[in-house]
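One structure is given below, encoded as structure tokens.
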């Protein structure tokens, strides 16, 4: 298919959708995005991107702009404290490409999307806002999407990049619903003290609070803890709820929790998972990102997995002769990687949720002894799985 330009419709304009639009446009495909929001309004808390995600941004041609917009953590240092602010240990994440690509970068989500949206526009991708897909009709040699504005779009390929609560899953006959994990995440945005340059993780009994620089002058905090299913919090009360829920945290957290007030930027989300088995496509419609494999946030890999989906999908389409062969190879390449990340992230969250006050001394001792080794093992195994996926993708193309 490398010599054929496809007409591609992408449903969803978040990280996964924009990344796919960029990767596929750069390969010469004609791309259109439909996005349900009537204007670009993206949650303005932060996100951290580890080196493996920055590699994907490099392949998308966005790395330099992303580095300028965000904050690379010096030496990839993660400082661990207990919830009272007592230091436990430090770990260091791996960089990539002999240090050219930083180990970890924090960035405001809105800034990441701004950079992506500008590149989407520069590539000539048509973006239609305030629009959803109401129906999908597979016509064999094409697929027809009926849009909410009453128009119809005929495409060679439709990509469902519409997130954890993807409407595209149901439209193509996949009845899988997101699974609530029992966790909630609270996030807030603050001015960054100039001396605060590390990623910080504070470890309480069954509760976590993190701090991450996201620009030269801003940082965001993120707290995770168990929350009852379907618990609703009025957004007007989010700052007070966040301050109350993490009131036992002192040390580095104190300044930012004390700042929380009615005008603070605070966001609450319930954490859901999606674990779709193969195939991730039905006919000429394929799911990527959270629509196929939403994960818990404990390894900070959700955005990275979505961006890598986009890069690998574009490569699969270039390598394979048939669309079905490309989509099949894409899913087989990505599933082991995404399942590994999901599994580790889920295990980390579950282990933390079960901690009691009496466990903390033993936990801290174990962190001092094994934390760096676990970091190295995770990223080592992730690199191995990515290499295996690349080999399989190319081998399958050669044999096909």
Output the number of the condition that residue 80 fails; it satisfies all remaining conditions of (1) closer than 18 Å to residue 48 by Cβ; (2) buried (at least 16 other Cβ atoms within 10 Å of the Cβ); (3) within 22 Å of the chain's Cα centre (by Cα). (3)
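Residue 85 - would you say it is in contact with a strand residue (DSSP E or B) (Cβ under 9 Å, 6 or more places away or on another chain), loosely packed, with under 15 Cβ neighbours inside 10 Å and under 24 Å from residue 352 (Cβ atoms)?
Numbers: in contact with a strand residue (DSSP E or B) (Cβ under 9 Å, 6 or more places away or on another chain): yes; loosely packed, with under 15 Cβ neighbours inside 10 Å: yes; under 24 Å from residue 352 (Cβ atoms): yes.
Spelling it out, residue 85 is indeed in contact with a strand residue (DSSP E or B) (Cβ under 9 Å, 6 or more places away or on another chain), loosely packed, with under 15 Cβ neighbours inside 10 Å and under 24 Å from residue 352 (Cβ atoms).
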In this structure, is residue 317 surrounded by fewer than 24 Cβ atoms within 10 Å (Cβ to Cβ) and on the phi < 0 side of the Ramachandran plot? no
Hey, residue 278 under 24 Å from residue 313 (Cα atoms), touching a helix residue (DSSP H, G or I) at 6+ places or on another chain (Cβ under 7 Å), at pLDDT 95 or above and not in a strand (DSSP E or B) or not: yes
Could you please find all residues in the stretch 191-200 being crowded, with 20+ Cβ neighbours inside 10 Å and in a strand (DSSP E or B)? 199, 200
So in the stretch 111-141, with the set limited to residues that are surrounded by fewer than 17 Cβ atoms within 10 Å (Cβ to Cβ) and closer than 21 Å to residue 61 by Cβ, which one is nearest to the chain's Cα centre (by Cα)? 114
Here are some conditions: (1) in a loop (DSSP other than H, G, I, E, B); (2) in contact with a helix residue (DSSP H, G or I) (Cβ under 8 Å, 6 or more places away or on another chain). Residue 165 meets all but one. Which one does it not meet? (2)
Any chance you could count how many residues in the stretch 142-179 are closer than 26 Å to residue 231 by Cα and surrounded by fewer than 16 Cβ atoms within 10 Å (Cβ to Cβ)? 6
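Any chance the stretch 338-345 includes a residue that's over 21 Å from residue 14 (Cβ atoms) and either touching a helix residue (DSSP H, G or I) at 6+ places or on another chain (Cβ under 7 Å) or modelled with pLDDT under 95 (or both)?
Here is the first cut: in the stretch 338-345, the ones over 21 Å from residue 14 (Cβ atoms) are 339-340, 343-344.
Cutting the leftovers down to either touching a helix residue (DSSP H, G or I) at 6+ places or on another chain (Cβ under 7 Å) or modelled with pLDDT under 95 (or both) gives us 340, 344.
There is at least one residue in the stretch 338-345 that is over 21 Å from residue 14 (Cβ atoms) and either touching a helix residue (DSSP H, G or I) at 6+ places or on another chain (Cβ under 7 Å) or modelled with pLDDT under 95 (or both).
Do the conditions hold for residue 286, that is, is it in contact (Cβ under 8 Å) with a residue 60 or more places away in the chain, outside any helix (DSSP H, G or I) and buried (at least 24 other Cβ atoms within 10 Å of the Cβ)? Please lay out each step first, then the result.
On the way: in contact (Cβ under 8 Å) with a residue 60 or more places away in the chain: yes; outside any helix (DSSP H, G or I): yes; buried (at least 24 other Cβ atoms within 10 Å of the Cβ): yes.
Judged against the criteria, residue 286 is a match.
The values are calculated or read from the model by the stated rules, or taken from the named source; none is laboratory data. This is a predicted model, so every value here is computed, not measured. No Cβ is skipped: glycine too gets one built from the backbone with ideal geometry, and neighbour counts run over all protein chains shown.
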